[in-house]
Amino acid sequence: MSLPRYELGAKVATRLAFGQALAALGARGDVVALDGEVGNSTHAEEFLAKYPERYFEMFIAEQQMVAAAVGLQVRGYVPFAATFAAFLSRAYDFIRMSAISAANIRLSGSHAGVEIGADGPSQMALEDIAMMRAVHGSTVLYPSDATSAAYLVQEMAGRSGVVYIRTTRGAYPVLYPPDETFPVGGAKVVRSSPGDQVTLIGAGVTLHNCLAAADELAGDGISARVVDLYSLKPIDTKTLVEAASATGNRLVVAEDHYPQGGIGGAVLEALSESGHHVRLAHLAVQGLPGSGTPAELMEAAGISAGQIARAARDLLSG
Amino acid sequence: MAVQTLDDIHEMAQQLRVDSIRCSTAAGSGHPTSSMSAADVMAVLLTRHLRCDWQRPDDPANDHLIFSKGHASPLLYSMFKAVGVISDEELMTGYRQFGSRLEGHPTPVLPWVDVATGSLGQGLPDGVGVALAGRYLDELPYHVWVLCGDSEMAEGSMWEAFDKAAYYRLNNLTAIVDINRLGQRGPTELGWDLDTYAKRIEAFGCHAIPIDGHDLGEIDKALGHAAEADRPTVILARTRKGRGFDEVEDREGWHGRPLPADMAERAIIELGGQREITVIGLQPGPRAPGPTAR
């Protein structure tokens, strides 16, 4: 089995990388895919093209899709079920019960957050991280680029419990070379220098915003560390504590999710358990979004690069 | 004692009722009346149709039994006792107790339980997944039997399951609906209107078989038909909640309530006393082949 390889800097959506990696993983005869009739959006159909006999179209029936995954794993199969992240909430009781069943299922939720743009709030998952983190024994992954997404899909196959990957609609630059590894429970320090004054933490689209913010801050002579928190549960407390310690305990977290139970919550819980005290600026989607371009919606939500940079400056001047 | 004739199976069913009462009364909680309504159907299934090597729960050829109405756990655990995989002592001292594997609703802590149930409307959809594996991936002749409650027929997920079972022509799946007409706070939406249930089931592409759920011969015939059908079968079993004990049978107010000790004593006498019958059941093996897969 060889994972798809992506060129540094090429713009590739993580949802596409999910589909391509799943298709590659299909070389394992026990991997099966389930689609909520959006396989051309989640890119689960990449698997269909190669392994139609192990692809189950469940149509727009998310409860049955998750239940079928639970049933298939009873017989030892490794199911991946995919739909828009927003619509997995419809199957939440099935996800909750699958934890009680000690079922090993993998779920992919695409089109996360306000980043989806014009389709509007009915299609935006803004609660899914909270929902999935709360499940007993779950794993929650949120890659920012195609290389990490593909690697994490492979990791998902070997994990037990409910394993969730959140993918993004838009195409963003590949950040990592093909042979980089992304162990579950880890994080990547994407940018750092000895003189870092503040840490910017993001995942998915907001990591790209954090990188742009770091560029903007660098223009002002402010050195920012940037952390890619691709594994939200389990979380890399060590990297968080090190980053906080190295940057005067000044953290900015930016997430395309409502403030409750998301990335900011995960970071604060981890630091709180480690007994570490920080000053944290938490940028998350506060209001009810509407339609618009991704840039307009992220600006309105307060999670754009400019707003991350401003939050960092405020921490430094405060 | 060998369980062969319908009279023997009646004795088995009465034992399942008595044990469901005994364990829930001992625990001081549980759902004996919801267990008693389905005892006849389960007794016939266990003795004549379910193919399972109970000593080897991981045998890939085993049939699967899922209690979508997970609250009927006293019945399920009484069946486990009847096949000799749990003891009467465990049933009587463990049911619903802290640290015991005989939890209030079944979970796969027990090796004969595939999926946790108790949130209604989930066991049948889960069973569709197992049946998909059987028909399209394992290509083994095992059958998936799901005991459903009539109250959970109000859950939309049940209809997603019937629809997908029909779409994938899962003739290896049989749902048995225990239509005892009573829910938690009173009568169900459709009561004993088996015609309406049957029309809905057929409209979704499954084969409906309405039966008297206390007529052992009818049950036997329906289960036999289900195992040889060309599409998913739904057995609509008209039953009476609390069947076999006149003081509670078909009466409101007894959902999820164990019988007090004095009533339990009278019930066990009315049901013919405690029994210790064990059943071997059928071993896994080939069935008549169904139509080829998609």
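The Cβ shell under 10 Å around A:ASP196 holds other residues with a net charge of +3, Lys and Arg each +1, Asp and Glu each -1.
Measuring between their Cα centroids, the stretch A:177-214 and the stretch B:25-73 lie 53 Å from each other. For the listed residue pairs A:LYS50/B:LYS164; B:LYS199/B:LYS221; A:LYS11/A:LYS233; A:LYS50/B:LYS69, the alpha carbons are over 31 angstrom apart in A:LYS50/B:LYS69. As a proxy for reagent exposure, ranking A:HIS111, B:HIS10, B:HIS225 by other Cβ atoms within 10 Å from fewest up yields B:HIS225, B:HIS10, A:HIS111. By other beta-carbon atoms within 10 Å, ranking A:MET65, B:MET42 with the fewest at the front produces B:MET42, A:MET65. Dividing the mean sequence gap of close Cα pairs (under 8 Å, 6+ apart) by how many residues chain A holds gives a relative contact order of 18 percent. Label-to-label distance, A:LEU8 versus A:ASP179, with points set 7 angstrom from Cα along the beta-carbon direction: 1.3 nm.
Gyration tensor analysis over the Cα atoms of the protein assembly as shown returns equivalent ellipsoid semi-axes of 52, 25, 20 Å (largest first, whole Å). Note down the net charge around B:ALA208, summing +1 for each Lys or Arg and -1 for each Asp or Glu among other residues with Cβ under 10 Å from its Cβ. Result for the neighbourhood of B:ALA208: 0.
Fewest first, what order do A:HIS208, A:HIS277 take by the number of other Cβ atoms within 10 Å? Let's see the in-between values first.
On the way: A:HIS208 20, A:HIS277 10.
By the 10 Å Cβ count, ascending: A:HIS277, A:HIS208.
Take the Cα of A:LYS50, step 7 Å toward its Cβ, do the same at B:ASP138, and the gap between the two points is 2.7 nm. Approximating the spin labels as points 7 Å out from Cα along Cα→Cβ, the B:SER29-to-A:GLU269 distance works out to 2.6 nm. Counting only DSSP beta bridges whose two residues both lie in the protein assembly as shown, roughly 15 percent are antiparallel. Taking only alpha carbon atoms, the stretch A:11-173 gives an Rg to Rh ratio of 0.92, where Rh is the Kirkwood radius. Solvent-free Debye calculation, one equal scatterer per alpha-carbon of chain B: log10 I(q)/I(0) at 0.12, 0.16 Å⁻¹ equals -0.69, -1.29. Only Lys, Arg, Asp and Glu carry charge here, each on its Cβ (+1 for the first two, -1 for the last two); on that basis the stretch A:95-187 has a dipole of about 340 debye about its Cα centre.
When only Cα pairs below 8 angstrom with a gap of at least 6 residues are kept, the stretch B:6-270 shows a relative contact order of 24 percent. Label zone (B:ASP195, point 7 Å along Cα-to-C-beta; backbone nitrogen cut-off 17 Å) within the stretch B:208-231: B:208-212. Between A:HIS276 and B:SER87, the C-beta separation translates, for a Förster distance of 51 Å, into a calculated FRET efficiency of about 0.45.
Take the Cα pairs of the stretch B:92-138, get the Kirkwood Rh, then feed it into Stokes-Einstein at 10 °C and 1.306 mPa s and tell me D in µm²/s.
Translational D for this selection: 131 µm²/s.
With only the Cα atoms considered, chain A has a convex hull volume of 115 Å³ per residue.
Rule-based calculations on the coordinates, nothing more; no lab input. The structure presented is a predicted model; accordingly, all values stated were derived computationally and were not measured. Neighbour counts are summed over all protein chains in view; Cβ atoms, including those assigned to glycine, are modelled from backbone coordinates with ideal geometry.
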